[in-house]
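This report refers to the structure that appears directly beneath it.
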Amino acid sequence: MVKEDIKALLNDVREGKIDVDIAFEKLKDLPYRDLNFAKLDYHRGIRVGYPEVIFCQGKEEEHLKGIIKDMIDRDANILATRVSENAYKAILEVTDNVYYNKTARICIINPKENKKVGRITVVTGGTADIPVAEEAAITCEVFGNNVKRIYDVGVAGIHRLFGNIDEIRRSNVIIAVAGMEGALASVVAGLVDVPVIAVPTSVGYGANFHAYRPLNYA
């Protein structure tokens, strides 16, 4: 639930459109629902504006299915990340109302349309950075943002970046995803007046030590 859901429910009670007992049933699992193996934070959307996301990597398939089933029962729009193909198959045992992006390893379950605002631009140094970039881009879209993707504009061929600079400058926020030495974020930050989020990746050449070195500069 998010704040708008709570307000709408209370208005329905006030106007007599819904019984108090029914409203109580909808609210009884706040602040969380205890499944023994997991405690689902249904209060998070009210506290911070965004609902809980399911991180699938490392979860047992039965636990994953139990979590998703409970969230679907509450008609939630569910975002699951780090979804392997086996995890995706497990999700399909619960519901087929799923969008799966294999590149980003993301599932959107019980998807719902939402009003999108602003503009986030996701840029990458190279095509090998796209899986990480897509994970960021899809997450931003699910949480109600317009997203522009500009890929393969790394500093090794900086003219590619300059050729897209007008598009990049229309952004409210920029996410710069790059491997090697993570230089893309620094270059972009010197060309714009909006926040730049640096996301080093563990791909490419250079002494990046699996993204630890560029992370120190990010």
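The values are calculated or read from the model by the stated rules, or taken from the named source; none is laboratory data. Note that the structure is predicted; figures quoted are calculated from it, not measured. All Cβ positions, glycine included, derive from the backbone under ideal geometry; neighbour counts span all protein chains shown.
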Note on the stretch 44-57: residues surrounded by 16 or more Cβ atoms within 10 Å (Cβ to Cβ) and without any contact (Cβ under 8 Å) to a residue 24 or more places away in the chain are R44, E52
Across (1) surrounded by 15 or more Cβ atoms within 10 Å (Cβ to Cβ); (2) at pLDDT 95 or above, S84 clears everything bar (1)
A careful count of residues in the stretch 121-133 that are part of a helix (DSSP H, G or I) and surrounded by fewer than 22 Cβ atoms within 10 Å (Cβ to Cβ) gives 4
Looking across the stretch 38-65 at residues that are assigned to a helix (DSSP H, G or I) and modelled with pLDDT of 95 or more, the single one that is nearest to T139 (Cα to Cα) is L64
(request) Looking only at the stretch 138-151, decide whether some residue is of a type in the set (S, T, Y) and modelled with pLDDT of 95 or more. (result) yes
Original post:
Is there a residue being of a type outside the set (D, E, K, R), touching a residue at least 40 places away in the same chain (Cβ under 8 Å) and on the phi > 0 side of the Ramachandran plot anywhere in the stretch 108-125?
Top reply: yes
Within the stretch 109-120, restricting to residues that are farther than 27 Å from V155 by Cα and touching a helix residue (DSSP H, G or I) at 6+ places or on another chain (Cβ under 9 Å), the one that is surrounded by the most Cβ atoms within 10 Å (Cβ to Cβ) is I109
